[in-house]
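Comments concern the structure below.
The values are calculated or read from the model by the stated rules, or taken from the named source; none is laboratory data. What you see is a predicted model; the values in this text were computed from it and never measured. Here the Cβ positions follow ideal geometry from the backbone for every residue, glycine too, while neighbour counts run over all protein chains shown. Surface accessibility is based on the protein's heavy atoms, side chains included, excluding ligands, DNA and RNA. Shrake-Rupley method; radii C 1.70, N 1.55, O 1.52, S 1.80 Å.
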Amino acid sequence: MQTNISLEEAQETLLSLAKPTESEESVRLEEALGRVLSKSIKAPYQLPPFSKSPLDGYALRAEDIEQATPAEPVIIKVIEEIHAGYVAKSEVVAGTTIKLMTGSPMPKGADIVIKYEDIERTADAIRVFQPLKKDSNVIFAGEDVAAGEVIANSGDVVTPALVGALAAVGIAMVPVYKKVDIAILSTGDELVEPSEALPAGKIYNSNLHGLRAACSNLATNPIMMGTVDDDKEKIVNKLLAALEISDIVITTGGVSVGDYDLVPDAILEINAGIIFKGVKLKPGSPIIVAKKQNKFIIALSGNSAAATVTFQLIAIPLIKKIMGLKEYFVPTTKAVLMSDFNKKSQQRRFLRGVFQIDYAGNSVILADSQSNGALKSMIGCNALIDIPAGTQPLVKGQVVSVILTGEL
Ligand code: AMP
Ligand code: MG
């Protein structure tokens with residue numbers, strides 16, 4: 001067991017112990033967003049499936065209008081009219097054209113499309129005033145995707161663009177890794193559910209719900225294990241029940257050194273192997289990560305900001321690896337700090353903030369409160385400011401390192 005290790009040691013240790021899930025399933029396209037592909041996807045069809053017109057115009061043969069000039073326009077006979085979704089019955093032969101709308105298949109025999117705006121229409125013919133190079137205004141079959149081409153790889157996240165591309169090549173069922181099951185449980189005699197009345201001395205359980213939401217956001221399957229009292233036997237039973245039905249168990253509270261911090265004892269009692277205990281960062285240093293068989297237990301502090309920060313920095317990379325993703329870490333960058341921070345940072349410290357980007361560069365606004373338990377100030381935060389151990393108070397205008405934990 002390692003104790004008081006660095007964040008990077010914690011992350012690397014966990015990633016080296018975690019294996020990507022191998023369970024796969026096939027989900028409908030409508031349910032695939034955010035999931036991780038378990039297989040590469042080859043396009044069964046070329047895209048577009050046929051050569052077509054990118055505009056409203058007339059399909060004809062380039063050679064027929066080679067001699068066209070404004071003074072001596074070439075007259076071409078209109079023999080048919082089609083729109084998208086229909087195939088022309090006739091073939092374009094010398095001196096003829098087919099009128100078509102955007103998306104119409106190219107009629108046989110035609111090799112160009114000339115725009116409505118560039119011709120003059122008479123009752124049954126068009127007058128063309130200039131030549132057009134062969135293949136002009138044609139979108140060719142297979143131009144976007146060739147039949148059999150790999151359009152996405154195993155380990156890719158299904159994005160809206162990929163959903164669209166899969167639909168375009170006629171894929172309705174998507175092979176993905178099964179969702180990682182994450183059991184979340186809170187410990188603490190003081191906790192009640194938000195749906196209940198609030199007796200004196202109690203607080204509502206926010207971690208359970210906040211972490212559940214964070215797990216949903218990652219396209220995992222959060223399992224609510226509820227709250228357990230500060231009672232070792234009860235924690236033991238709940239941990240065992242959680243391990244039965246999940247890949248990862250996340251607990252909050254009771255992980256420090258107080259009289260009622262019983263999670264460490266419970267983890268020992270169930271014979272889970274502690275991987276590390278304590279990480280050198282603030283907030284959230286009293287974290288324990290253990291493994292029982294191939295399942296992880298991540299025990300986080302009960303303080304909401306501490307639980308959130310350590311979930312983001314330590315739990316998420318592990319979860320991403322198990323999900324089958326290829327990238328485990330979010331981007332980091334530098335930004336100009338927009339306000340002072342008056343405390344020294346003896347330990348490495350992560351401050352919550354709002355990262356912004358504009359033409360002048362990156363900036364980051366500190367959340368109003370950096371207290372371990374603060375909740376309101378975390379709303380809207382999308383970044384953690386990484387302050388190295390041994391740093392003096394920070395001043396506005398200083399450049400700081402930033403981890404992008406949320407959307408801009
Ligand atoms: P603990 O980690 O159990 O020592 O708890 C640290 C602080 O976080 C205490 O003020 C707890 O009341 C609070 N706390 C613990 N668990 C939760 C929770 N699930 N939701 C909100 N606050 C909590
Ligand atoms: Mg507690």
Problem set entry | Under 17 Å from K396, Cα to Cα: aspartates and glutamates that are on another chain or at least 8 residues apart | D340, D368, D386
Seminar exercise, completed: Ordering 320-332, 289-301 by per-residue average of other C-beta atoms within 10 angstrom, highest first, gives 289-301, 320-332
Exercise. Quick one: length gained pulling D259 to I357 fully straight, 0.36 nm per residue minus the C-alpha distance?
Worked result: 30.7 nm
Exercise. Once both labels are modelled 7 Å past Cα along the beta-carbon direction, what's the S285-Q347 spacing in nm?
Worked result: 0.3 nm
Exercise. At 222 nm, what helix-only mean residue ellipticity would the chain give, in deg cm²/dmol to the nearest 500, using -39500 (n - 2.57) for each DSSP H run of four or more?
Worked result: -4500 deg cm²/dmol
For this session: Sort the chain into rounded, prolate or oblate with this rule: let a ≥ b ≥ c be the square roots of the eigenvalues of the Cα gyration tensor; rounded if a/c is under 1.5, and if a/c is not under 1.5, prolate when a/b is larger than b/c, oblate otherwise.
Result: prolate
For this session: Leaving ligands, DNA and RNA out of it, report the carbon-plus-sulfur percent of the accessible area of the chain at a 1.4 Å probe.
Result: 52 percent
Seminar exercise, completed: GNM on the chain, Cα springs under 10 Å; top mean-square fluctuation among A152, A43, A88 goes to A88
Exercise. Taking K277 as the anchor, which lysines have their alpha carbon closer than 18 Å to its alpha carbon, excluding any fewer than eight residues away along the same chain?
Worked result: K291, K292, K295
For this session: Putting +1 on Lys and Arg Cβ atoms and -1 on Asp and Glu Cβ atoms, find which of V174, S90, G284 reaches farthest to the positive end of the dipole of the chain.
Result: G284
Seminar exercise, completed: By accessible area (1.4 Å), largest first, R35, R127 order as R127, R35
Problem set entry | Using a Förster distance of 35 Å, the FRET efficiency for K202-I245 (Cβ separation, nearest 0.05) | 0.80
Seminar exercise, completed: Mean separation of Cα contacts under 8 Å (at least 6 apart) over the residue count of the chain, i.e. the relative contact order in percent, is 16 percent
Seminar exercise, completed: To the nearest 0.05, the calculated FRET efficiency linking Q293 and K39 through their beta-carbon distance, R0 being 30 Å, is 0.65
Problem set entry | Accessible heavy-atom area order of Y116, Y359, highest first, probe of 1.4 Å | Y359, Y116
Problem set entry | Rough spin-label spacing in nm, given labels placed 7 Å along Cα→Cβ, for D368 and N237 | 4.3 nm
Exercise. So if R0 is 30 Å, what FRET efficiency would K334 and N4 give, r being the distance between their Cβ atoms, rounded to the nearest 0.05?
Worked result: 0.60
Problem set entry | Proximal lysine pairs, the range 118-259, alpha carbons under 22 Å, eight or more residues apart or interchain | 4
